[in-house]
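Values in this text are rule-based calculations from the coordinates and carry no lab data. Small disclaimer: the values here were computed from a predicted structure and weren't measured. Cβ placement follows ideal geometry from the backbone for every residue including glycine, while neighbour counts extend to all protein chains displayed.
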Amino acid sequence: MTKNKRGRPSKIELKRRRREAGKDVVIKWVCFIGVVLFLAIFVQQVIADQIVHKFKSPSFNGVMTSSHYLTIENQEFNRKQTIKDEIKAAIEEAKRDKENSTVQRFIRNFESRVYAELSRQLIANLFGETPSDSGIISLEGNTIEYSSDGTYLTLKITEQDGTVTVITIPIGSFTF
């Protein structure tokens with residue numbers, strides 16, 4: 001048994017009381033932190049859901065499969081179309097290069113002058129000093145027939161495919 005003294009406590013008793021008070025504060029803090037950690041873990045488990053494996057690819061899981069297939073089809077179509085466009089552009093460029101060569105320009109210029117000369121001769125036959133009443137000219141498979149009745153001049157142009165074009169010109173009002 002310990003004796004209970006009355007009055008002021010001794011220094012040893014004050015130290016012992018302070019140690020016990022410090023222990024009580026530490027125990028309270030440890031309990032508080034423990035309760036907070038327990039609640040945090042418990043709350044995490046309360047919100048947790050079942051882990052379910054799902055495929056990310058629509059081809060496997062079926063979600064949005066049709067739009068996935070449409071996207072793939074659209075990408076394939078665009079690639080094929082791009083290749084076709086590139087081939088077409090290359091062919092057209094080669095064709096333009098061929099048509100713009102020096103030889104091709106010479107041929108076009110030569111043909112233009114030959115046609116101009118044929119046209120001049122036809123005009124001379126129709127309206128010259130000794131006009132012709134009729135005639136036929138064949139040019140590259142096309143046939144040009146002309147005839148005059150004194151009032152009208154008729155040109156009948158028959159193309160290779162059989163298309164016929166008729167041009168009638170009044171002679172009396174055809175002056176310069």
So, with points 7 Å from each Cα along the Cβ direction, the V30-Q81 label distance in nm works out to 7.4 nm
At a Cα cut-off below 27 Å, give the lysines reachable from K11, other chains included and same-chain residues fewer than 8 away excluded. K3, K23, K28
Can you give me the long-range amide H partners of I171? Hydrogens built in the peptide plane at 1.01 Å from N, cutoff under 5 Å, separation of 5 or more residues or another chain. Y152, L153
Show which lysines lie in cross-link reach of K156 when reach means a straight Cα distance below 23 angstrom and same-chain residues fewer than eight apart are skipped. none
Whole-Hz ³J(HN,Hα) for each residue in region 131-139, computed from phi via Karplus 6.51 cos²θ - 1.76 cosθ + 1.60 with θ = phi - 60°, x for glycine and proline: what do you get? x, 9, 7, 7, x, 9, 10, 9, 9
If the reach is capped at under 22 angstrom between alpha carbons, list the lysines near K98, excluding any in the same chain fewer than eight residues apart. K84, K88
Of the listed values (1) 1, 5, 6, 7, 6, 5, 5, 4, 4, 4, 4, 3, 3, 3, 3, 3, 3, 3, 2, 2, 3, 3, 2, 2, 2, 2, 2, 2, 2, 2, 1, 1, 0, 0; (2) 1, 7, 13, 16, 15, 13, 9, 6, 5, 3, 3, 3, 3, 2, 1, 0, 0; (3) 1, 9, 17, 19, 19, 16, 11, 5, 2, 1, 0, identify the label whose number matches P(r) over Cα pairs in 5 Å bins from 0, in percent calculated from this model. (1)
In a Gaussian network model over the chain where Cα atoms closer than 10 Å are linked, find which of L39, L126, L118 has the largest mean-square fluctuation. L39
Could you pull out every residue, at least 5 positions away or on a different chain, whose amide H is within less than 5 Å of the one on S132? Hs are placed 1.01 Å off N in the peptide plane, and Pro or chain starts have none. L126
Would you list the membrane-span-like helices of the chain, meaning whole DSSP H runs whose alpha-carbon atoms span at least 24 Å along their axis and whose mean Kyte-Doolittle value is at least 0.5? 11-47
